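The values are calculated or read from the model by the stated rules, or taken from the named source; none is laboratory data. Only a predicted model underlies this, so the values are computations on that prediction, with no experimental measurement involved. Backbone-built Cβ (ideal geometry, glycine too); neighbour counts: all protein chains shown. Side chains are part of the model used for accessible areas, which takes the heavy atoms of the whole protein and leaves out ligands, DNA and RNA. Shrake-Rupley method; radii C 1.70, N 1.55, O 1.52, S 1.80 Å.
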Amino acid sequence: MNFSHLANKLRSKITRFSGILSQDLDKTTQRFVREAVYGIMASQSVMLTEIGRQQEGDVCLKKIEERFSRQLIKSGIWDRLHQRIMSLASSRVKDRTLLILDLSDLKKKYAEKMEYLTKVRDGSEGGEIVDGYWTNHVIASEVGSNEITPLHMSLYSQDSPDFTSENDEILAAIDQVGEAVHNRGIWVIDRGGDRDALFLPLLQKKRDFIIRMVGTRDLIYQEKMVRSLWLAYACKLPHRKSIVKVIDGKEVIFNLNFGHVKVKLPEIDTPLNMVVIKGFGSRPMLLLTTLDIGPGQKNVWFIVQAYLKRWSVEETIRFIKDTYD
């Protein structure tokens, strides 16, 4: 294999992609985007010194790092790159495409002087409180497909002076992506999305969603207020499927029973469905969705698969954080 030819071909593709991505920016910023994308991939790091080491030429590393820093503080780069990414990707988002929102954290365990460093709950370390930042990812994918399309990534700190609330950060991501894809797609969110501050805007803007519930929420069922977890235990589960999930390198089989009931949120007249899945643990999994469910198991199983797709996307995000330092 001619590794030199392969490297040149890869660099040419990165240059072409970077040019498309940054075409609305000035020439010096376009150069920075090109060098940054190549440097991140080559060094598998987002540290400026490591990215700088991948650049060709006789300029000293200190000067390269200073030039990169000047580019990074330019106003508007983040917004324009995100708008360009979403514009390029919007054609890939169809009505049944999953828009998977992942609320995560970025651990900076040994950092001391990073700007607005805050306290986060490390999801990979059993909930340990560490220094770092919060992140929002939105990734598009299809049920039954291994392809993913990154749409949005933002990082924030509650100690930043422009921070207002976590809800505002999440809704800003949803609105930016929702407008770019013309309200197509189905939003898929974990238990962190079980909050009125998200349900109401999603329903008002007629955005379909599948959101996992904690189980403490009251729902309207047959004109009566019922605790969602109690309703789940009483729900008939006529459908059965088995899935295989890799846990700690081993394949584990889960035998699932699932069904659904028609519900509403209190004081909101929009008809919803609660899908109930048993087989993942002692408590049932509860998914609240705007999607219609007809007879048979096809539509219910699509909703179950859509939520389970989150797991593979979570693994992808974890891999990216580990791989790129």
List residues of region 27-44, by number, whose backbone nitrogen lies under 19 Å from a label position 7 Å along Cα→C-beta of Leu72.
28-44
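Treating the beta-carbon of each Lys and Arg as +1 and of each Asp and Glu as -1, no other charges, what is the dipole magnitude of region 133-226 about its Cα centre, to the nearest 20 debye? Walk me through the numbers on the way to the answer.
On the way: 9 positive and 15 negative charges, 77 e Å.
So the dipole magnitude of region 133-226 works out to roughly 380 debye.
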Would you tally the net charge around Ala306, using a Cβ to Cβ cut-off of less than 12 Å, leaving Ala306 out, and scoring K and R as +1, D and E as -1?
+2
Solvent-accessible ranking of His260, His152, largest area first, probe 1.4 Å:
His260, His152
With the cut-off at 23 Å, report for region 183-325 the share of all Cα pairs above it, as a whole percent.
37
Around Tyr233, what is the net charge, scoring Lys/Arg as +1 and Asp/Glu as -1 over all other residues with Cβ under 12 Å from its Cβ?
+4
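Within the accessible area of region 202-284, what % is carbon and sulfur when the probe is 1.4 Å and the other protein chains stay in place?
Working: 2570 of 5140 Å².
C and S fraction of accessible area: 50 percent.
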Globularity ratio of the chain, using Cα Rg and 2.2 N^0.38 Å:
1.13
Hey, what's the Cα Rg ratio for region 195-261 versus the globular rule of thumb, 2.2 N^0.38 Å?
1.47
Area of Asp248 that stays accessible when all protein chains are in place (1.4 Å probe, Å², to 10):
150
Selection of GluC sites (Glu not before Pro), region 92-162, meeting DSSP coil and at most 14 other Cβ within 10 Å:
Glu112, Glu115, Glu147
Please calculate how many Å² of accessible area region 59-212 carries per residue, with a 1.4 Å probe and no DNA, RNA or ligand atoms counted.
53
